[in-house]
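Here is the structure we will look at, set down as structure tokens.
The values are calculated or read from the model by the stated rules, or taken from the named source; none is laboratory data. Since this is a predicted model, take the numbers as computed values, not measurements. Cβ: placed from backbone, ideal geometry, glycine included. Neighbour counts: every protein chain shown.
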Amino acid sequence: MAGTAALAAVVALSACGAKTNSGSTSDKAAQADTSGDTIKVGLLNSLSGTMAISEVTVRDSLKLAIDEINASGGVLGKKIKPISEDGASDWPTFAEKASKLIKEDRVAATFGCWTSASRKAVKPVFEKNRSLLFYPVQYEGLEESPYIFYTGATTNQQIVPALDYLKSQGKKKIYLVGSDYVFPRTANKEIKAYAKANGMTVLGEDYAPLGSTEFSTIANKVKASKADAVFNTLNGDSNVAFFKEYKSAGLTATRMPVVSVSIAEEEVKSIGSQYLAGQLTAWNYYQTTPGAANTTFVKAYKAKYGQDKPTSDPMEAAYTSVYLWKAMVEKAKSFDPEKVKAASDGITFEAPEGKVTVDGASQHIYKTARIGKVGTDGLIQEVWNSGKPIKPDPFLKGYSWASGLS
Amino acid sequence: MTDPTTTEPRTDTGLSGLEIRGLRVAFDGFTAVDGVDLDVGPGDLRFLIGPNGAGKTTLVDAVTGLVKAEGSVRFGGEDILGRSVHRIARSGIGRTFQTATVFEELTVLQNLDIAAGAGRGTLTMLRRRKGVPESVARALETVGLTDLAGSLAGTLAHGRKQWLEIGMLLVQDVRLLLLDEPVAGMSHDERQATGELLRRISRERTVVVIEHDMDFMRSFARSVSVLHAGKVLSEGTVTEVQADPKVQEVYLGHAATEGTTTGVPRPTAAQEA
Amino acid sequence: MTTTTPQVPSVKQLRSPKGRLTFLRPAAGFAAAAVALFAVAPLALSDFRLGLLAKYLCTAMVAVGICLAWGRGGLLTLGQGVFFGLGGYAMAMHLKIADAGPGQVPDFMQLYGTATELPWWWRPFANPVFALAATVLLPMAVAAILGSFVFRRRVKGAYFAILSQALAAAFAIWLVGQQATTGGTNGLTDIQGFFGYDLDDPVNQRMVYFVIATVLLLLIALARQLIHSRYGELLVAVRDSEERVRFLGYNPANVKLVAYVVAAGMAGLAGALFVPAVGIISPALIGIVPSIELVIGAAVGGRASLVGAVLGAIAVAWARTALSEEFPAAWTYFQGLLFIVALAFLPGGLASLVGIVRRRRASRAPEGEAA
Amino acid sequence: MTVILGQMFTGVSIGAVLLLIALGLSLTFGQMNVINMAHGEFIMAGAYTTYVLQKSIAGAGLSLIVALPVAFLVSGALGALLEWLLIRRLYLRPLDTLLVTWGVSLMLQQLARDIFGAPNVQTRAPDVLTGNITVIGGDDPLTFASSRLFILGLAVAAVVALSLTLRLTPLGRRIRAVVQNRDLAEVSGISTGRVDLTAFFIGSGLAGIAGVALTLVGPIGPTMGTNVIIDAFLVIVVGGIGQLKGSVIVAFVLGVLQSVLEYSTTVSVAKVLVLVAIVAFLQWRPQGLYTVRTRSLV
């Protein structure tokens, strides 16, 4: 016994590597496997657990893009071989699977993650191994990882335009409802700063635990507040319960509209237009967004996965991310992450949401903000857009009211 | 069983008697023990008899702290009623149950060692048992289980489990043993052996036995209390009690007409010698 | 029976029932485990797989405690996630403070909170000695407080199980709610260093693995000592018949409390070492589901057998990784099936298979050592 | 004032939902002492039954009415199957039952995901059940949600039906006999195996009915059962195992407590406080609100 301990101590001491702050971290970035006539990429999504609801559609959309690219000759002459891993709605599992994709499968890039928590969990993994992650979901901003490309909206492309829209509609008193996690809490902090600077009042702020499905009290509170509008950052299952309760409380879209930033076509389908008709959403893409690129995308998606399957913003952003990566690789003429990064600035793509451009400095993309209204047919129709793609500003440096936020 | 002469008399503890006054136990509206007064003298071998539901087991439960009761129970001069079960046990009262409850997944030796150890300190507890403590070895011999010390208690035959339980009370060093039907299911020879064992034990300790077996009672009881409907009906030597017309009426009369039956019939456990 | 004469020499036999062999067998087992952990695994596995093994070994540490408290003590420990989390957070808080550097607050606090200085309850964790002690003592203290109430009030069986789960749920929800000071759902992520050693460096990752393997062996040795001590025998007695033990003059509440507190300490230590191995601790590791998963490994392997519980925990964690890599869409079927088959049809866990095989061999060769 | 009354109603309606999801457990857990973690998935099965029926039955109201008995049968059959295949092997091993049924729950969730897809599905509620009823008019009207009133009615009806069944029918007598003394019931000629099966069928069937009711207020998806299962167990544990009246009282007390705390603090804090209150309560009364006093050892 004592022998074992002593042996272990010796082994441990003799095996010590670099100290922190010594500046000499090992230079063993995992090399992507570029031999063979295929190139592997990782798809990292929750296929089980609470988040599977949303993330499975993203995985499907990624596969569609990969199939299309392979059908038209692949990337740099190599067919893309997707390796799908289940993050199981569990953040440490995401980290484990990201490691596996990079180190074992030696993928050239990884696409996926949905919640901010899963992104935060994998961020160090990608940074340490110098491998690329394409993250396709709108998020709370305040982040710029050198090894992540953010193809969803940051706050100034989604939340700020939604607030601008509310302000232009004369909605001065707002109520904030969100799930208890990073995105809603951070988003609401930004909303409060915006409100303060723009003469709006925040009447209340409520959070429900993720997955919570009991909203009668929150509906009562919202009703009692007599707000002009509700800003909704709830996620997943909670939205269903919230809107059913909202309608039961006698609240309507005409009297007190709800602006949601996590309700896309897929969610509308699962909640029902019975409860949602007339409510507002803020995104960069809807299934109804005009343009040839979108028509092709919607048609291809439905052909592959079923006529009743809607397309949505995160799905579109995921689809777009694969094409953006392809364009970067082709411009760099290499799968090497550093070269891909260097080539990224200015890459454009005629995406289903319209033309997007990569901003090399922040590794976010220029996107057009769109406010939509849920119709009785379950589709979302655009009621307003920003006119041109908005430059990503994850730290809201261009907004004076946001100076105290980060 | 061992030869009676091999058990050495103990000298460290004096004999203590049990003194019960006005004991009452009630469950939701039903009074199981209804004002019992009972004195068991030091060194007595007292049998508690009575028909089913007379309150015998409940009386023992009350004395050992398992059920809440009113009245007073004094043992060795101390009032013990209301103390928690393990404190009553530590004040020198031990009991067995109708169905033998030994620790089936431990060996005979481990069972006895645990029974011997309530007063052990932390360090002793955290060390392995080395060898066999003196008191355990003595108890093993007294109850005749030395050969089986290494077997799991769960594999013992029924009668031997009962002896193991009695052995556990011996190493626990209790001054009062309360035994609930210790010979139920035993063969004739085993009953005989158990009776002799109890007789030996009662030289140094006070023993109270709940029993249905009248033959057994007649052979070994030093004194008898008859319980009926939660009250003490009669008390005295075997002959006195048997002669009591009240007892004959409710209990023994019935048994007496049948001569030497053994009360309630019970299945006999398979037994190998 | 009545004629049996006492055999005086038998007492002497009891002192060393099977000679010196009983001492050598566990020593050989330990040596084999040490060789497997310190020589075979590091040589045979890639850095990534070795990192995963480190993670599995952490769950095995929890299983050691579960084997003691549940397998030996019969306590339905369904809240081990709480203790795992306490240990993990204690360690991660220290490492985050160390990463931030003197006078700075951890990155997430700057992001989500307005805090420019550490909250008061973070401050003591800046001290490495305090933090290290807290990883074990904090879970033990919580277990002691909780256990002394619960066991004294004789909360048992299903009640204890549901109560533990409620507690795990409450703790996880509370952590999520305190985003500015606990990182909320994200937990504490992006941990860079481990007492001055850069976790980026694969060499240091190996060092962490060796530390974990060493601690696991130490915990197994500790648990083995407890199980084979007089206390261990008493614990089994309490499991099988609590009332009987009480009539022998013991307070079973204290007997159970010791096992519960030791198991909590082991879970805390596991959580603490999980942090440098995986680089994250989050509420997702604490709630009801992870608490059940921690128990399942021990159950599949064999709750009452130390070897069974440890190997079971490693095997279940490994199966989870392997199945989900092989069948990303359908692996939960296999996982569910594994639990059902192992638990419904092999109550003693996989460890009982060894016993079955041994018994079969013994019955085939009755002239052999049939003991 | 209207706020307080409205909040009281909210509390009662939360209680009604709790009661409905816990009611089936009062049989399988309360009476038979089986910790069935797959109970939540039987609720899910009831909800999906409603969804499937709506595809073939036009009117939302009619399909909801039809769904109640059908869901009872579907979930009941699943429960009976589970009892027959697995649980009867495990009656004396509570934690093993918990872990095994947890495995079953994992598999049923995945099955739902494969049949109906990972995203939530949608059911239409009849229009009368999406609005509310005005109790006090005026500027600041007091309204009660009609879906909640429906669930309250359903919960009361289910409790009455269950307690009448247990008290008055031969089946109920047999169930109670088995619960009180399994061996004695067996020698009195009761087939305990069949009674177990029937009790499990009814308990799981009640979960199906709860599933139908939940479609009115919450999501219908593969993980909907896991969201509610622990709350349901807590209601039974706090109420006192095997005590129907205890569960009823506790469900409504917890509902009101939660709604009051939610109103004065936040949902997360309320949830934590309720859980802590439950843990504290069980310290005070470890056997729950109502207990049967016996002289048995355990």
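The table below lists the values:
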item: Number of positions in the stretch C:38-55 that are of a type outside the set (A, V, I, L, M) and over 15 Å from A:Glu104 (Cα atoms); result: 3
item: Among (1) over 24 Å from B:Leu59 (Cβ atoms); (2) crowded, with 24+ Cβ neighbours inside 10 Å; (3) in contact with a Pro (Cβ under 9 Å, 6 or more places away or on another chain); (4) not aromatic (Phe, Trp, Tyr) - the single one B:Val209 does not satisfy; result: (1)
item: Candidate set: the stretch D:226-278, residues that are more than 8 Å from every other protein chain (Cβ to nearest Cβ) and not in a helix (DSSP H, G or I); chosen: the one modelled with the lowest pLDDT; result: D:Gly242
item: Hits in the stretch C:227-254 (condition: of a type in the set (A, V, I, L, M), over 19 Å from B:Val132 (Cα atoms), in contact (Cβ under 8 Å) with a residue 12 or more places away in the chain and within 8 Å of chain B (Cβ to nearest Cβ)); result: C:Val236
item: Filter result (in a strand (DSSP E or B) and surrounded by fewer than 17 Cβ atoms within 10 Å (Cβ to Cβ)) within the stretch A:383-404; result: A:Val383, A:Asn385
item: Elements of type helices (runs of 4 or more DSSP H) in the stretch C:179-245, at least 3 residues being within 21 Å of the chain's Cα centre (by Cα); result: C:202-228, C:230-240
item: Checklist (1) surrounded by fewer than 23 Cβ atoms within 10 Å (Cβ to Cβ); (2) not assigned by TED's automatic domain parsing to the domain that holds A:Asn385 applied to A:Tyr139, failing item; result: (1)
item: Failed item, numbered, when A:Ala277 is tested on (1) over 26 Å from D:Ala47 (Cα atoms); (2) within 14 Å of chain D (Cβ to nearest Cβ); result: (1)
item: Every residue from the stretch B:168-205 that is within 10 Å of chain C (Cβ to nearest Cβ) and in contact with a strand residue (DSSP E or B) (Cβ under 8 Å, 6 or more places away or on another chain); result: B:Met168, B:Leu169, B:Gln172, B:Val174, B:Leu178
item: Residue in the stretch B:111-157 that is farthest from B:His86 (Cα to Cα), counting only those that are of a type in the set (Lys, Arg) and part of a loop (DSSP other than H, G, I, E, B); result: B:Lys130
item: C:Val255 being under 16 Å from C:Ala277 (Cβ atoms) and either surrounded by fewer than 24 Cβ atoms within 10 Å (Cβ to Cβ) or of a type in the set (D, E, K, R) (or both); result: no
item: Some residue of the stretch C:85-94 being under 23 Å from C:Val136 (Cβ atoms) and more than 20 Å from the chain's Cα centre (by Cα); result: yes
item: Which listed residue, of B:Arg160, B:Arg129, B:Arg90, is of a type in the set (D, E, K, R) and within 30 Å of B:His188 (Cβ to Cβ); result: B:Arg160
item: Boolean, C:Leu269 is in a helix (DSSP H, G or I) and buried (at least 24 other Cβ atoms within 10 Å of the Cβ); result: yes
item: Conditions (1) under 29 Å from A:Ala343 (Cα atoms); (2) β-branched (Val, Ile, Thr); (3) away from every other protein chain (no Cβ under 14 Å); (4) assigned to a helix (DSSP H, G or I): number failed by A:Val160; result: (1)
item: Filtered residues of the stretch B:133-150 (kept if facing chain C (nearest Cβ under 7 Å) and surrounded by fewer than 21 Cβ atoms within 10 Å (Cβ to Cβ)); result: B:Asp147, B:Gly150
item: Residues within the stretch C:174-195 that are touching a residue at least 24 places away in the same chain (Cβ under 8 Å) and facing chain A (nearest Cβ under 7 Å), tallied; result: 10
item: Residue match in the stretch B:237-244 (condition: aliphatic (A, V, I, L, M) and closer than 16 Å to B:Ile20 by Cβ); result: no
item: Verdict on D:Gly288 being within 13 Å of chain C (Cβ to nearest Cβ) and either part of a loop (DSSP other than H, G, I, E, B) or modelled with pLDDT of 90 or more (or both); result: yes
item: Matching residues in the stretch C:162-199 - criterion: being within 18 Å of D:Asn227 (Cβ to Cβ) and among the hydroxyl-bearing types (Ser, Thr, Tyr); result: C:Thr185
item: B:Leu109, sole failed condition from (1) in contact (Cβ under 8 Å) with a residue 40 or more places away in the chain; (2) at the interface with another protein chain (Cβ under 9 Å from one of its Cβ atoms); (3) closer than 20 Å to B:Leu177 by Cβ; result: (3)
item: Given (1) crowded, with 20+ Cβ neighbours inside 10 Å; (2) within 12 Å of chain A (Cβ to nearest Cβ), index of the condition C:Val64 fails; result: (2)
item: Scan of the stretch A:367-378 for residues that are buried (at least 17 other Cβ atoms within 10 Å of the Cβ) and more than 23 Å from A:Asp164 (Cβ to Cβ), ordered by number; result: A:Gly378
item: Meets criteria (within 9 Å of another protein chain (Cβ to nearest Cβ) and either of a type in the set (Lys, Arg) or surrounded by 24 or more Cβ atoms within 10 Å (Cβ to Cβ) (or both)) for A:Thr110; result: no
item: Some residue of the stretch C:54-69 being within 29 Å of C:Pro283 (Cβ to Cβ) and not in a helix (DSSP H, G or I); result: no
item: Residue check, D:Thr101 of a type in the set (Val, Ile, Thr), within 11 Å of chain C (Cβ to nearest Cβ) and within 18 Å of the chain's Cα centre (by Cα); result: yes
item: Identity of the residue in the stretch B:188-222, touching a Gly at 6+ places or on another chain (Cβ under 7 Å) and of a type in the set (Ser, Thr, Tyr), that ends up nearest to B:Ile93 (Cα to Cα); result: B:Thr206
item: Number of positions in the stretch D:187-225 that are in a helix (DSSP H, G or I) and within 15 Å of D:Ile175 (Cβ to Cβ); result: 15
item: In the stretch D:59-92, residue farthest from D:Asp183 (Cα to Cα) [restricted to those that are small (Gly, Ala, Ser) and over 17 Å from the mean Cα position of the chain (by Cα)]; result: D:Gly59
item: Members of the stretch D:118-150 found to be away from every other protein chain (no Cβ under 11 Å) and outside any strand (DSSP E or B), listed by number; result: D:Val128, D:Gly137, D:Gly138
item: Test: B:Ile49 is crowded, with 22+ Cβ neighbours inside 10 Å, more than 16 Å from the chain's Cα centre (by Cα) and not aromatic (Phe, Trp, Tyr); result: no
